[in-house]
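A.B. asks: Input: one structure, supplied below.
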Amino acid sequence: MASIEPFSFLHTGDLHLDSPFRGLSAEAPPEVLAHLRSATTDAWRSVVRTAIEAHVDFVLVAGDVFEVASPTLLGQTRFRDGLARLSEAGIPSFVVHGNHDPLDGRSWVPSLDFPAAVHRFGTDPAEVVPVLRQGREIARIHGRSYPRAAVTENYASGFRADPAAPYSIGLLHTNVGDRPGHANYAPCSVDDLRGSGMDYWALGHIHQPGQVLADPLAIYCGIPQGRDPGELGPRGCYLVEVDAAARTTPRFVATDLVRWHILEVAIDPLTDDEALRRACREALGAALDAADGRSLVVRARLTGRGALHASLARPGYLADLRDLLNEERSLTPPFAWVESVQDLTRPEVDLESRRNVPDFVGDFLRTAAVARRSRSSTDPDEHERWTSLLRSAVAPLFDESPRGRRHLAAGRPSDDALASDLLAEAEALGVDLLLAAEEER
């Protein structure tokens, strides 16, 4: 294979510049609200800064720049200003439109001048644009925008690389493989991506960053700033290096300012209210230390069994705990603001003693213990009997339900998980329900 000129680019998308943080169950203080309101535009600025500092040759934007088809003037201006900064640094940008910013909306107001170095793809299925560096072609970009929000046509199947191109990139807003939790717009399969001849697929639409294919390399850049509790963890963009042999190396770079964080605190070893506050305080500090300088919006979950379970059920206790934890911490970024505290604890029960009681609850606990021991049983018949029984228990959800087969296939538990973690959860839930029923009699 002939060598090519090495180059690099930045792959981003799903900026959603006009979108607020969603899912807040409590009113945030003004300092937190101000940080949240500017988070998406600040993340875009971070993307631009990352591209300039890395001296990339071009930037790809894989759709959904805005949250709605009629974005605000502020959002459009912030986007235009970022593109202008890239242009001033000699970095061209290539943009496709997705379901949230289709071409039938008003995503690009005529009164705003966008830099000449920005190319916005239209709806032509054969549109291809060369990327030039000092007059020499280093790559070709294939892209197609949405003419309207709901596109059900398979756009990827129409992408075909020219063998004469030095390096071919597909830029598309799409749902590969009908991923659950996302609208199935411009649907395609991994076979469509493979059959295109592209060297790299710069994908948008799925907000979780990650690789779809290794050959050709196909990546969802994810969202630069998580906006709700379903978008946990680091969010950012990809810096991609291409060497003279067309070997492609992507590197994820976090660009978010604020992260949603689930904080679990077990009450099992805790004896009083002060111990609980101390455990929560220490867990918050550890989470913030591990957040790489980002602020955190925290959902605390109290778990386990213990004497504090009864205290947590008192009216107003969780709200008071949340307020006390927030009062102890500064709201100067990076901050850790506790948005909610959820009680997932269970009453204190001596399971080993209760297992020996000759009643229905004892029978239930003894049966669970036998099922758990079957994992290490040397009797193959015993092992297979319990494995089959546990599989049949979850079959209505994963096998017999059409929606379960479609949406839950990737989450189907292994036989080992059925006989360990899930069985332990089922045992805990079952004994709670049975003991509660006993108390009601």
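A.B. asks: For GLU348, which of the numbered conditions (1) open to solvent by 60 Å² or more (accessible area, probe 1.4 Å); (2) closer than 18 Å to PRO413 by Cβ fails to hold?
C.D. replies: The single condition GLU348 does not satisfy is (2).
A.B. asks: Taking strands (runs of 3 or more DSSP E) that do not extend beyond segment 222-278, which have at least 1 residues that are open to solvent by less than 10 Å² (accessible area, probe 1.4 Å)?
C.D. replies: The qualifying strands (runs of 3 or more DSSP E) are 236-242, 258-266.
A.B. asks: Name every residue in segment 150-175 that is within 23 Å of the chain's Cα centre (by Cα) and surrounded by fewer than 17 Cβ atoms within 10 Å (Cβ to Cβ), in order of residue number.
C.D. replies: Scanning segment 150-175 gives a single hit, ALA150.
A.B. asks: Would you check if GLY75 is surrounded by 15 or more Cβ atoms within 10 Å (Cβ to Cβ), of a type outside the set (Val, Ile, Thr) and in contact (Cβ under 8 Å) with a residue 40 or more places away in the chain?
C.D. replies: Yes, satisfied.
A.B. asks: Also, I was wondering about something else. Just to be sure, is LEU83 in contact with a strand residue (DSSP E or B) (Cβ under 9 Å, 6 or more places away or on another chain), open to solvent by 70 Å² or more (accessible area, probe 1.4 Å) and either among the aromatic types (Phe, Trp, Tyr) or outside any loop (DSSP other than H, G, I, E, B) (or both)?
C.D. replies: Here the answer is no, as LEU83 does not meet what is asked.
So that you can scan it fast, the table gives a plain yes or no per residue for (1) in contact with a strand residue (DSSP E or B) (Cβ under 8 Å, 6 or more places away or on another chain); (2) part of a helix (DSSP H, G or I); (3) open to solvent by less than 40 Å² (accessible area, probe 1.4 Å):
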position	(1), (2), (3)
LEU321	yes, yes, yes
VAL338	yes, no, yes
VAL341	yes, no, yes
GLU352	no, yes, no
ARG366	no, yes, no
VAL370	no, yes, no
ARG373	no, yes, no
THR378	no, no, no
ASP381	no, yes, no
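A.B. asks: Name every residue in segment 21-52 that is over 19 Å from PHE9 (Cβ atoms), polar (S, T, N, Q) and not in a loop (DSSP other than H, G, I, E, B), in order of residue number.
C.D. replies: Scanning segment 21-52 gives THR40, THR41.
A.B. asks: Within segment 293-319, track down each residue that is in contact with a Lys or Arg (Cβ under 8 Å, 6 or more places away or on another chain) and open to solvent by less than 30 Å² (accessible area, probe 1.4 Å).
C.D. replies: SER295, LEU296, VAL297, ALA300, GLY304
A.B. asks: A further question on this structure: Do the conditions hold for GLY98, that is, is it small (Gly, Ala, Ser), in contact (Cβ under 8 Å) with a residue 40 or more places away in the chain and buried (at least 18 other Cβ atoms within 10 Å of the Cβ)?
C.D. replies: yes
A.B. asks: Working carefully through the options LEU86, LEU74, LEU112, find the one that is modelled with pLDDT of 90 or more and either on the phi < 0 side of the Ramachandran plot or not basic (Lys, Arg) (or both).
C.D. replies: Selected residue: LEU86, the only one of LEU86, LEU74, LEU112 that is modelled with pLDDT of 90 or more and either on the phi < 0 side of the Ramachandran plot or not basic (Lys, Arg) (or both).
A.B. asks: How many of the residues in segment 191-205 are touching a residue at least 40 places away in the same chain (Cβ under 8 Å) and surrounded by fewer than 24 Cβ atoms within 10 Å (Cβ to Cβ)?
C.D. replies: Residues that pass the stated criteria total 2.
A.B. asks: Residue check: is LEU302 in contact (Cβ under 8 Å) with a residue 12 or more places away in the chain, touching an Asp or Glu at 6+ places or on another chain (Cβ under 7 Å) and not hydroxyl-bearing (Ser, Thr, Tyr)?
C.D. replies: yes
The values are calculated or read from the model by the stated rules, or taken from the named source; none is laboratory data. Remember, it's a predicted structure, so these values are computed and weren't measured experimentally. Methodologically, a virtual Cβ is constructed for each residue, glycine included, from the backbone with ideal geometry; neighbour enumeration extends over all protein chains shown. Keep in mind that these areas ignore ligands, DNA and RNA; they rest on the heavy atoms of the full protein, side chains included. Shrake-Rupley method; radii C 1.70, N 1.55, O 1.52, S 1.80 Å.
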